[in-house]
1. Could you tell me which label, among [x] 1.19; [y] 1.03; [z] 0.99, carries the value of Cα Rg over 2.2 N^0.38 Å calculated for this structure?
2. What does the helix-only formula give at 222 nm for the chain: each DSSP H stretch with n ≥ 4 adding -39500 (n - 2.57), the total divided by the residues, and the result rounded to the nearest 500 deg cm²/dmol?
3. Could you tell me whether segment 13-82 comes out rounded, prolate or oblate from its Cα gyration tensor? Rule is a ≥ b ≥ c as square roots of the eigenvalues, rounded for a/c under 1.5, then prolate if a/b exceeds b/c, otherwise oblate.
4. Using only Cα atoms and rounding to the nearest 10 degrees, what angle (0 to 90) does helix 87-98 make with the longest principal axis of the chain?
5. Please report the spacing between the Cα centers of segment 1-66 and segment 101-116 in Å, no decimals.
6. Can you give the FRET efficiency for residue 20 and residue 99, using 1/(1 + (r/R0)^6), R0 = 22 Å, r = Cβ-Cβ distance, to the nearest 0.05?
7. Over the chain, with a Gaussian network built from C-alpha contacts below 10 Å, which listed residue (59, 11, 91) shows the highest mean-square fluctuation?
8. Counting other beta carbons within 10 Å of each residue's own, what order do 124, 31, 108 fall into, fewest first?
């Protein structure tokens, strides 16, 4: 029995460093932080917070799907933003993405994100066998 399985999909941007898009281990799927990068181009979905937030969540969803999971399997989400004044906007976008699902969540402001992004989202989900 495998202790860890590394998840990768072309439907989300490739890792921008030496890590996996996600790892399945001990009954959970750990999805790495996702920026608002368009998988096909590697460019940000747009310069604005909303476009990047929507794309980051879409990337998270694509990786969950590749692991056999969906939004309702998410148990915890961490959100990193470069400007916490976007918190209300993020909540509206996040609420739409989660469609009523309410996992545990943290949201923090950071001084910078990789590649100059304005939002990054990561999660942990219950794995399906």
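Please treat every number below as a calculation from the coordinates, not as lab data. Note that the structure is a prediction, hence the values are computed from the model and not measured. Using ideal geometry, Cβ is built from the backbone for each residue, glycine included, and neighbour counts are taken over all protein chains shown.
1. Only one option fits the structure, namely [z].
2. Estimated from H runs of four or more residues: -7500 deg cm²/dmol.
3. In terms of gyration-tensor shape, prolate.
4. 30 degrees
5. Each part reduced to its Cα centre gives a spacing of 14 Å.
6. 0.25
7. Largest GNM mean-square fluctuation: 91.
8. If I rank by nearby Cβ atoms, fewest first, I get 108, 124, 31.
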